[in-house]
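The values are calculated or read from the model by the stated rules, or taken from the named source; none is laboratory data. Since this is a predicted model, take the numbers as computed values, not measurements. Note that we place each Cβ from the backbone using ideal geometry, even for glycine, and neighbour counts take in every protein chain shown.
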């Protein structure tokens with residue numbers, strides 16, 4: 001009888017440790033180029049190569065090894081949690097030589113984070129852009145902020161407003177429960193949010209459709225596709241045109257993939273179409 005264990009857990013630890021070591025020279029190169037970086041900036045700059053939590057572990061190890069140094073912000077601190085508390089520089093760099101960059105990155109990070117919360121401009125803007133794309137592609141919009149569909153209701157906590165999905169849409173007799181996440185922050189624990197939204201769709205007996213700027217590949221496959229859903233990691237933050245200047249600054253200063261516009265680029269709309277068509281083919285086969 002074949003061994004039901006497909007891999008040894010020790011191998012996973014070894015692979016992660018290997019990724020951490022591989023991330024270190026990439027991190028060092030970025031810090032040398034940028035002079036100053038934030039933790040989130042590094043994770044976003046390297047997210048196509050390494051999971052964000054791998055980058056975080058590598059950065060912490062480099063700090064403990066004396067390769068990089070953690071420094072603070074010298075100005076008046078914000079009372080919110082939307083600002084970076086620490087910045088990282090190469091060991092031996094003089095603070096006075098980089099304080100100007102720190103102040104700029106502090107301000108831009110604060111301003112980007114301020115428009116990304118659930119009910120802030122960028123969050124609702126992303127939902128609006130995808131709704132227009134759905135309509136362009138001929139999807140029927142059953143509703144927004146949906147916790148009920150037909151005779152089914154999602155489970156929630158007693159006395160609390162039930163959780164919901166951003167959309168329920170339909171085309172070619174396939175009904176999707178869609179949730180849009182226009183987030184820049186993504187960590188190991190963020191995967192729980194993806195699974196939670198997937199479960200809401202399953203409770204309503206519709207196909208989970210996760211649309212997010214970033215979702216790690218393992219979560220896409222194991223937690224969405226293998227559970228009968230689809231996922232579109234659309235990569236770029238979406239902000240209203242009125243934030244064009246901030247978007248440009250965030251891209252050049254922090255390396256954030258971000259665009260400011262009032263409609264989805266055509267290639268993103270076409271990708272939604274392709275995901276649906278691929279799902280139909282898979283369903284038929």
Practice task
Could you list, in sequence order, all residues of region 148-167 that are surrounded by 12 or more Cβ atoms within 10 Å (Cβ to Cβ), closer than 16 Å to residue 195 by Cα and touching a residue at least 40 places away in the same chain (Cβ under 8 Å)?
Solution key: 154
Completion exercise
By residue number, the members of region 247-269 that are in a helix (DSSP H, G or I), touching a strand residue (DSSP E or B) at 6+ places or on another chain (Cβ under 8 Å) and crowded, with 20+ Cβ neighbours inside 10 Å are 247, 250
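Being surrounded by fewer than 18 Cβ atoms within 10 Å (Cβ to Cβ), at pLDDT 95 or above and not in a helix (DSSP H, G or I) narrows it down to one of 192, 205, so name that one. Spell out how you get there, then give the answer.
Details: 192 fails: not in a helix (DSSP H, G or I).
Criteria check complete, one pass: 205.
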Completion exercise
Residue pairs within 7 Å by beta carbon, gap of at least six or interchain, first lying in region 82-101 and part of a helix (DSSP H, G or I), second exposed (fewer than 13 other Cβ atoms within 10 Å of the Cβ) and modelled with pLDDT under 95, listed first then second, are 99/74
Handout entry: Selection count where residues are over 22 Å from residue 92 (Cα atoms), in contact (Cβ under 8 Å) with a residue 24 or more places away in the chain and surrounded by fewer than 16 Cβ atoms within 10 Å (Cβ to Cβ), scope region 45-71
Key = 1
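Take the residues in region 120-162 that are part of a loop (DSSP other than H, G, I, E, B) and under 27 Å from residue 271 (Cβ atoms), then tell me which one is modelled with the lowest pLDDT.
The selected residue is 120.
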Practice task
Given the conditions (1) in contact with a strand residue (DSSP E or B) (Cβ under 9 Å, 6 or more places away or on another chain); (2) at negative phi; (3) not assigned by TED's automatic domain parsing to the domain that holds residue 48, report the number of the one that residue 106 does not fulfil.
Solution key: (3)
Fill in the blank from the handout: Within region 163-189, residues being part of a helix (DSSP H, G or I) and touching a helix residue (DSSP H, G or I) at 6+ places or on another chain (Cβ under 7 Å) number 1
Problem - Condition check for residue 89: crowded, with 19+ Cβ neighbours inside 10 Å, farther than 30 Å from residue 272 by Cβ, modelled with pLDDT of 95 or more and not assigned by TED's automatic domain parsing to the domain that holds residue 262 - result: yes
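Have a look at 214, 232 and point out the one that is within 16 Å of residue 51 (Cα to Cα), touching a helix residue (DSSP H, G or I) at 6+ places or on another chain (Cβ under 9 Å) and assigned by TED's automatic domain parsing to the domain that holds residue 274.
214
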